[in-house]
Amino acid sequence: MNLSDSKKKLALAGVVCGVVAAILAFLGNPANMAFCIACFIRDTAGAFGMHQAEVVQYARPEIIGLVLGAFLISVATKEYRSTAGSSPMIRFVLGIIIMIGALVFLGCPLRMVIRMSAGDLNAWVALIGFILGVATGVFALKQGFSLGRAYITNKASGAVLPVIVLGILALSLTTTLLKSSETGPGSMHAPLIAALIGGLVFGAFAQKSRMCFAGSIRDIILMKNFDLFCVIAGLFVVMLVFNIATGRFTLGFATPGVIAHSEHLWNILGMYTVGFAAVLAGGCPLRQLILAGQGSSDAAVTVVGMFVGAALCHNLGLAASGTALDAKTQEVVMGAVPVNGKVACVICIIVLFVIAFTNKREEK
């Protein structure tokens, strides 16, 4: 099964992933984050007590499904490669930075596109920052940026993360050890089996299509290649149709309940950080999970960094808040980025420039 040999097949893969996201939103996932890697990693980190924000604690089966879907399809199609050894600590830091940027914006690139399809103008503003961040990363690549090559390792090494997510699934099904939100976004979720199946399907199609939000823009800038963009376009169109058909499309900025804020500068800088870091790491948050599933220990280290980053954001008060209605007064309370989050975002951008221009390909 080769989905990457034509734009039509790639667009079809995006359509399938869009259908999965739409079904999960219909079955209970928060409509505006039907499928968000950053949000779901944050929720899963909360389920393990890595942070104490009670409204965002739930072991999301979608994350488990993504990794296992990529693992199973890569094994079945003989694309599984256990690799490691490419600047692991820098990748760990990049994972933390990706999560900080995402939670300043309130979403990963996947959720940005889903929010765009629902009429959230804040997400369209953030797209500017994301494109600029990717462009900065591309400039670094042209200047010789590299984290070095990865090497083939023992096959069992690449299977560590898939085994770990299986363990998380077992804990979810057989114990009450994991925390689960009773209110807030963490309490909104599709049935476990539906979410797991959705994750498996999404993971398999993302692996075969090489779906990557940062990669799609990178390829356009570097090579005028729109192949990966076709996947994103397919997903966007499906979610746009779904949102309009179900009355979830609301065009505007300060929309209560969307879990977004209208601080435009920080929407831009948050996604600038994500786009820049994603290019340096070799893929967006979704792509990191898929690469980890197909055997990359380097990507798995980045994923671990994202979990740690999620915990830091809530433990240190870095994450933004979304615009909401006050339960008592029914007045709109505007979402905002805390000072700690703003400072952290600026520091992250500085660190990214240091990483980007101090790690060069070795001259032969």
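Just flag the trypsin sites (Lys or Arg not before Pro) in the stretch 193-291 sitting in loop per DSSP whose Cβ has no more than 13 other Cβ atoms within 10 Å.
224
Hey, what's the Kirkwood Rh for the stretch 232-273 if you take every pair of different alpha carbons, in angstrom?
One over the average 1/r among Cα pairs gives 12.2 Å for the stretch 232-273.
Can you give me the % of accessible surface on the chain that is carbon or sulfur? Probe 1.4 Å, all protein chains present, nothing else counted.
Its accessible area is 69 percent carbon and sulfur atoms.
Tell me, what is the per residue accessible area of the chain in Å², probe radius 1.4 Å?
Here the per-residue accessible area is 40 Å².
Over the Cα atoms of the chain, how large are the radius of gyration and the largest Cα-Cα distance (Dmax), in Å?
18.9, 68
Classify the stretch 195-339 as rounded, prolate or oblate from the Cα gyration tensor: take a ≥ b ≥ c as the square roots of its eigenvalues, call it rounded if a/c is under 1.5, otherwise prolate when a/b beats b/c and oblate if not.
Here the stretch 195-339 falls in the prolate category.
So how do 142, 8, 155, 342 rank on accessible area, 1.4 Å probe, biggest first, that is with the largest at the start?
Of 142, 8, 155, 342, the descending order of accessible area is 8, 155, 142, 342.
If you find the alpha carbon centre of the stretch 191-221 and of the stretch 318-364, how far apart are they in angstrom?
For the stretch 191-221 versus the stretch 318-364, the Cα centre distance is 24 Å.
Using only C-alpha positions, report the orientation-averaged shadow area of the convex hull of the stretch 56-162, nm², one decimal.
Projected over every direction and averaged, the Cα hull of the stretch 56-162 covers 9.1 nm².
Take the residue pairs 142/208; 155/208; 7/342; 155/179; 155/342 and return only those whose Cα atoms are more than 30 Å apart.
Beyond 30 Å: 7/342; 155/179; 155/342.
For the stretch 266-339, with equal point scatterers placed on the C-alpha atoms only and solvent neglected, what are the log10 I(q)/I(0) values from the Debye formula at q = 0.25 1/Å, to two decimals?
Debye output, listed in q order: -1.13.
How large is the helix-only mean residue ellipticity at 222 nm for the chain, computed as the sum of -39500 (n - 2.57) over DSSP H runs with n ≥ 4, divided by its residue count, in deg cm²/dmol to the nearest 500?
-21000 deg cm²/dmol
Taking residue 8 as the anchor, which aspartates and glutamates have their alpha carbon closer than 18 Å to its alpha carbon, excluding any fewer than eight residues away along the same chain?
Straight-distance partners of residue 8: 219, 227.
The values are calculated or read from the model by the stated rules, or taken from the named source; none is laboratory data. Quick caveat, the model's predicted, so the values are computed rather than measured. Neighbour counts run over all protein chains shown; Cβ positions are idealised from the backbone, glycine included. Side chains are part of the model used for accessible areas, which takes the heavy atoms of the whole protein and leaves out ligands, DNA and RNA. Shrake-Rupley method; radii C 1.70, N 1.55, O 1.52, S 1.80 Å.
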